Amino acid sequence: MRVLVVGGAGYIGSHATRALRRHGYEVIIYDNLSTGYKFLADGFELITGDIADPAKLAEVMKRADAVMHFAAHAYVGESVENPRKYFQNNVEAALTLLNTALDTGVRKFVFSSSCAVYGVPLTVPIPESNPRQPVNPYGASKLFVENALEAYDRAYGMRFASLRYFNAAGADESGEIGELHEPETHLIPLALAAAAGKGAKLQVFGTDYPTPDGTCVRDYIHVNDLAEAHVLALEQVTKENEPLALNLGTGQGYSVMEVINTVERITGRAVPRSIAPRRAGDPPALVADSKRAQQVLGWRPRRSLQEIVSTAWKWMQRRA
Ligand code: UDP
């Protein structure tokens with residue numbers, strides 16, 4: 001089976017391409033390289049194009065049996081300031097991609113969704129049945145595509161899996177690919193950069209949350225655990241089971257302070273830091289109930305927070 005990996009030159013997409021190849025799939029990467037990097041696609045066929053370009057998409061879609069869609073903007077704060085950019089790409093262009101798949105007869109679609117679809121969760125850990133009430137345009141854009149997929153499944157038989165990621169982190173064990181955001185806003189790479197003396201001091205956004213140590217709790221999931229879940233989800237989509245919407249997290253939350261302590265342990269260096277005000281829109285705790293993904297996919301997140309931090313550290317040192 002040949003899979004069109006849209007956004008395959010990005011962080012999570014590049015790990016998914018390698019997981020697909022390890023499982024014997026053929027891969028074509030389609031990426032506009034706006035936030036992706038050519039070298040993350042090394043060794044794969046790369047077509048440089050935008051998902052807003054239906055003619056270019058249609059040409060490559062003819063050669064594909066399934067689509068994995070990673071090509072989205074993913075900064076919550078930016079989505080609040082510039083919602084137009086988010087709705088234009090993550091909704092309008094995503095629909096162009098979906099319609100092109102439909103028109104070309106491709107009926108298997110694996111979608112990068114997000115725990116941002118839940119907004120401020122009713123319960124933590126969060127099961128898939130929690131109401132989906134996003135509180136920012138990024139989450140709203142992901143929910144729109146989930147809804148479109150559900151409707152396309154009922155009306156046109158589009159088989160899909162919406163995979164709701166919690167906090168993707170870490171890097172491939174090889175040290176060859178990893179996280180590379182410009183600007184970087186995520187906790188683990190910023191803490192590592194601060195430890196390496198390369199970045200600014202780490203700002204700890206809020207120490208007065210209703211959590212055990214007052215800092216926010218998140219569910220960090222290794223990018224290769226995510227990548228493997230995508231391959232398993234594609235297998236399910238191919239079997240024509242029920243449409244899937246699954247949380248991908250470990251079920252274990254760590255506070256910002258616990259992450260900083262882990263970074264200090266792994267690097268053997270201090271993380272220079274300062275206490276900063278809460279960041280707008282950050283809920284106190286987001287942790288997945290991922291039992292459903294484990295049951296349906298037969299998947300287990302295998303890598304610990306230590307492995308997340310040590311692979312991210314290896315990747316950062318390789319690029320230094
Ligand atoms: N965070 C922080 N300082 C930073 C970046 C993040 O204290 O420089 C906190 C943030 O408030 C959140 C957690 O770390 O509670 C994870 O944030 P990140 O941006 O990595 O992922 P998000 O949860 O926003 O997807």
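Structure notes:
- In the stretch 256-281, the residue that is nearest to the ligand (Cβ to nearest atom) out of those that are closer than 16 Å to Ala193 by Cα and assigned to a strand (DSSP E or B) is Arg273.
- Close pairs from the stretch 295-311: first touching a residue at least 24 places away in the same chain (Cβ under 8 Å), partner assigned to a loop (DSSP other than H, G, I, E, B) and among the hydroxyl-bearing types (Ser, Thr, Tyr), Cβ under 8 Å, at least 6 apart: Pro301/Thr250; Pro301/Ser290
- Listed conditions (1) among the aliphatic types (A, V, I, L, M); (2) surrounded by 24 or more Cβ atoms within 10 Å (Cβ to Cβ); (3) touching a residue at least 40 places away in the same chain (Cβ under 8 Å) are all met by Ala58, apart from (2).
- Extreme residue, nearest to the ligand (Cβ to nearest atom), among residues of the stretch 151-178 that are under 18 Å from Ala66 (Cβ atoms) and touching a strand residue (DSSP E or B) at 6+ places or on another chain (Cβ under 8 Å): Leu163
- In the stretch 186-202, of all residues being among the aliphatic types (A, V, I, L, M) and away from the ligand (no atom under 11 Å from the Cβ), the one that is farthest from Arg218 (Cα to Cα) corresponds to Ala196.
- Cβ-Cβ under 9 Å pairs, at least 6 apart or on other chains, the stretch 28-46 side in a loop (DSSP other than H, G, I, E, B), far side buried (at least 18 other Cβ atoms within 10 Å of the Cβ) and of a type in the set (Ser, Thr, Tyr): Thr35/Tyr11; Gly36/Tyr11; Gly36/Ser14; Tyr37/Ser14; Gly43/Thr17; Phe44/Ser14; Phe44/Thr17
- Members of the stretch 286-320 that are surrounded by 18 or more Cβ atoms within 10 Å (Cβ to Cβ), hydrophobic (A, V, I, L, M, F, W, C) and outside any loop (DSSP other than H, G, I, E, B): Leu286, Ala288, Ala293, Leu297, Leu305, Ile308, Val309, Ala312, Trp313, Trp315, Met316
- Cβ pairs under 8 Å, 6+ apart, first in the stretch 215-244 and more than 11 Å from Trp299 (Cα to Cα) and within 16 Å of the ligand (Cβ to nearest atom), second in a strand (DSSP E or B) and among the polar types (S, T, N, Q): Thr215/Ser255; Cys216/Ser255; Val217/Ser255; Arg218/Asn167; Asp219/Asn167; Tyr220/Asn167; Ile221/Asn167
Just so you know, all these numbers are worked out from the coordinates, no wet-lab data involved. Predicted model, so just to flag it, every value in this text is computed and none were measured. Cβ: placed from backbone, ideal geometry, glycine included. Neighbour counts: every protein chain shown.
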